[in-house]
Each structure stands twice: as C-alpha cells, then as structure tokens.
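The values are calculated or read from the model by the stated rules, or taken from the named source; none is laboratory data. Just so it is clear, the structure is predicted and the values come from calculations on it, not from any experiment. Reconstructed Cβ throughout: ideal geometry from the backbone, glycine too, with neighbour counts over all protein chains shown. These accessible areas exclude ligands, DNA and RNA; they are computed on the full protein's heavy atoms, side chains included. Shrake-Rupley method; radii C 1.70, N 1.55, O 1.52, S 1.80 Å.
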Amino acid sequence: MEYNPRYPQPFSLTQAIALDPAVAWDEIARLRNSLLHLRRSQNGLQEYLQELAPEEVDLEVSQAVKENEITIASQDERIFMLKLALTHHGHSVASEQTSEPTTHSPSTPPGGRTEHPQNTFNSNSNGLDDFPPVERASESAANPETSAAEEQENGVYL
C-alpha cells in the first residue's frame, strides 16, 4: 500500500502499518485531543482578528493562524494515515462504529472491542469517519493534575 502525504509526517504509511493497532488507536486519540484544543485556540485567534479595525494588523496572530492551519491539516493527515493502517489490520473505522480496542494485550483478537458511548467531537476533515477516543485519553483529560512526566510516559509521540 502506497500513500504520499501532502505534509511532512514523522512516519510513513509502511511504518504506521507496522505499529501495533493499540498503539495506532492511542496515537489517534492523542491527535484528536490535540486537534480539539488547537481548533478551539484557532477559533479564538480568528475571532480576535475579525474584531480588529481594518487598519489594524496583528502580524504575529495572523502568522499563528496560518501556522495552525498547517498543523491542523498535518495532524488530520496523520490520523488519516493511522486509520489506513488500521484498515490494513482489518479494523473498521466507519462512522457507525461506537467502539474500539481498549486493551493493549497482543492476545486480543481483531474485533475484540468494548462498547463506548458515542463521542460528540466530530471532525471529518481527515478523509475517514471519526470514532470515539480511547478511555485513557478521556481519563487524562478529566484529571488535569496528571504530571507532565506521567503524560510523557503514557503518551505515544510519533
């Protein structure tokens, strides 16, 4: 399977396919959380720029908006690549899907999934339909006191 990304990515599709599916699910959840916050920030920056008088220009904020647009597109593309890798392993990424792997055991059979409530976050800009984040991502978001060391130890940074 060949895929040429539009944006520079830290891994190729071949490398994504080589990942354990549980790792790919975790990375997708991390990226989706990142995108949620990035889009929220982007909306605030764009509102600020719209409130400026026509003769006022905030070059730093304008540059940040442009950089965020590239980062958002790159992360959406990375999610797309990970989803492609998951389909290669036989995992479904259809929008009707309300479940995903929750265990990280290599003995979990393909399709060995647990039901989760439907996620309200919805971004179809990465080309494949979304699915709810893994439990760990929502648990860490619910606990803001998680230390940076714990997040780094538990995270997957590709």
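So that you can scan it fast, the table gives a plain yes or no per residue for (1) assigned to a helix (DSSP H, G or I); (2) of a type outside the set (S, T, N, Q):
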{"site": "MET1", "(1), (2)": "no, yes"}
{"site": "TRP25", "(1), (2)": "yes, yes"}
{"site": "ARG32", "(1), (2)": "yes, yes"}
{"site": "GLN46", "(1), (2)": "yes, no"}
{"site": "GLU55", "(1), (2)": "no, yes"}
{"site": "LYS66", "(1), (2)": "yes, yes"}
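Looking at region 43-60, I want the residues that are without any contact (Cβ under 8 Å) to a residue 40 or more places away in the chain and of a type in the set (Ser, Thr, Tyr) and have a partner that is open to solvent by 50 Å² or more (accessible area, probe 1.4 Å) and not in a helix (DSSP H, G or I) with Cβ atoms under 9 Å, at least 6 apart or on another chain. Which pairs are those?
Close Cβ pairs satisfying both conditions: none exist.
Looking for something assigned to a loop (DSSP other than H, G, I, E, B), of a type outside the set (Phe, Trp, Tyr) and under 18 Å from the mean Cα position of the chain (by Cα) - is there at least one such residue anywhere in region 34-43? Walk me through how you get there before you give the answer.
Narrowing region 34-43 to residues assigned to a loop (DSSP other than H, G, I, E, B): none.
No, because not a single residue in region 34-43 is assigned to a loop (DSSP other than H, G, I, E, B), of a type outside the set (Phe, Trp, Tyr) and under 18 Å from the mean Cα position of the chain (by Cα).
Of all residues in region 51-63, how many are under 25 Å from SER74 (Cβ atoms) and over 28 Å from the mean Cα position of the chain (by Cα)? Write out each step before concluding.
The initial filter retains those residues of region 51-63 that are under 25 Å from SER74 (Cβ atoms), namely 58-63.
Filter once more, so that each one left must be over 28 Å from the mean Cα position of the chain (by Cα): 58-59.
Residues that pass the stated criteria total 2.
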